[in-house]
Structures are given as structure tokens and as C-alpha cells.
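Just below is one structure, and these are the notes that go with it.
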Amino acid sequence: VLGYRYALSSLKNISVQYNFSSQLPERLLYHPLQLISGQATILNPAVELVNRRNHLISISYASHNLVKGTGLVFFSSYSLTDGAFTYSNRLTPSYTILYYLSQDASHLWTSSAKLEKYVKRIRIKFTLQMSGVYSSNQLIFNNVPSRNTMRNFSFQPKAATAFTFPVNLEAMFTAMYIENS
């Protein structure tokens, strides 16, 4: 992990981070010590499967102005996974079979933003949150390549009262769009 954080002021900061990880292929809950691939061949995962490698880059920005009652938080990240695989399992009373699916070049983008404003005159705090996720990967099953993409966007405004008496009101709604192909 390599990161850098810079304070623009006492209430504003920006940070950038890079993360690299590599892990051995997962070997759990199957017997004997082999598994069936999408091509219906027996694989020894310790020999056949490559190490999974993940690169992650993220950036964030936060700004809070207590005097004006405002706040802004932004976060975005991109992840690339190579040498990846997915699996599903079938459980029997005596053993579990893992079905191995080759999955390479998985991309994942995420972004989110939150804006807050407190209006002292009417004692209401307004919040607006937005987020988006996009992922894509390539699967190979029975030597047939396929591509999967997923998009998810959400939008959420919110208003909350901040009166001194014990009953306050809060209202919000969420609009979301999801596409998986």
C-alpha cells in the first residue's frame, strides 16, 4: 500500500492511494485436492491456477466548513484484477466440488459524493448523496468467452430538521438504476 494525504487546511484534505495485492489460488472445501474446471477437466489448483493480482487506485477529497454549515466528501476508485477466477460449488454429504471459471481483466470503478448544507435560519440540514458503480469482467466457460458488465447509479436527497424540541422530521427518497448484462 502506498498512499499520500495532504491537508489543504485544518478542515480540508485530499488523499491518493495505490494498493497492490497478490494471493495464491483459493483452495478450500473440496476433496480430493482437485477441482473440475468449466472445460470439464480436472485441475490441480496449486499448479494450474495462477496467482490472483489486484491493483487498486483511489482518491478522496473532504471539505467541511463548520461556520457555513457545509460539507463535501468525494471518493473514487478503480480496481483491476488479473489472473482471477470465480467458482461455484456443489455440496454433497461426503465432499464439495468447486467449478472453476477463468475470469481475467476484471475492472471495477466506484464513485460517491455527499454534499451537506445546514440552513440555520430554518434549522434544516439538506444532504445530497450520489454514487455509481461500474464493473466488467470476462468469463470463459467451456472454451466460450463471455463478458459481463454491471452498472449501478443512485441518487438520494435528504432533509432533516434540527429543532430544540424533542420531535424532529426527516424525509428522504432514493432513485436507483441497475443494469446487468
Task: Residues satisfying the stated conditions in region 143-168, i.e. hydrophobic (A, V, I, L, M, F, W, C), surrounded by 10 or more Cβ atoms within 10 Å (Cβ to Cβ) and in a loop (DSSP other than H, G, I, E, B) - done: Ala162, Phe163
TODO: Taking only region 105-124 into account, find how many residues are under 18 Å from the mean Cα position of the chain (by Cα) and either open to solvent by 80 Å² or more (accessible area, probe 1.4 Å) or modelled with pLDDT of 95 or more (or both).
DONE: 6
Open item on the list: Residues that are at pLDDT 65 or above, among the polar types (S, T, N, Q) and open to solvent by less than 40 Å² (accessible area, probe 1.4 Å): does region 29-40 have at least one?
Closed with: no
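Checking the condition in contact with a Leu (Cβ under 9 Å, 6 or more places away or on another chain), closer than 23 Å to Ser146 by Cα, at pLDDT 90 or above and not in a loop (DSSP other than H, G, I, E, B), which residue from Leu72, Leu80 passes? Show your work before the answer.
Values: Leu72 fails: closer than 23 Å to Ser146 by Cα.
After applying the criteria, what remains is Leu80.
Regarding Leu66, is this residue closer than 22 Å to Ala105 by Cα, open to solvent by 90 Å² or more (accessible area, probe 1.4 Å), out of contact with any Gly (no Cβ under 6 Å at 6 or more places or on another chain) and modelled with pLDDT of 60 or more?
Answer is no for this residue.
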Open item on the list: Let me confirm something: among Met172, Met176, which residue is exposed (fewer than 13 other Cβ atoms within 10 Å of the Cβ), more than 19 Å from the chain's Cα centre (by Cα), closer than 30 Å to Ser15 by Cβ and modelled with pLDDT of 95 or more?
Closed with: Met172
Task: Whichever residue in region 125-142 is of a type in the set (A, V, I, L, M) and under 28 Å from Asn65 (Cβ atoms) and, among such residues, is most open to solvent (accessible area, probe 1.4 Å) - done: Met130
Open item on the list: Could you check region 49-63 and list, in sequence order, the residues that are surrounded by 16 or more Cβ atoms within 10 Å (Cβ to Cβ) and of a type in the set (Lys, Arg)?
Closed with: Arg52
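The values are calculated or read from the model by the stated rules, or taken from the named source; none is laboratory data. The structure displayed is predicted, hence computed values, not measured ones. Backbone-built Cβ (ideal geometry, glycine too); neighbour counts: all protein chains shown. Just the protein is used for accessible areas: all its heavy atoms, side chains included, with ligands, DNA and RNA removed. Shrake-Rupley method; radii C 1.70, N 1.55, O 1.52, S 1.80 Å.
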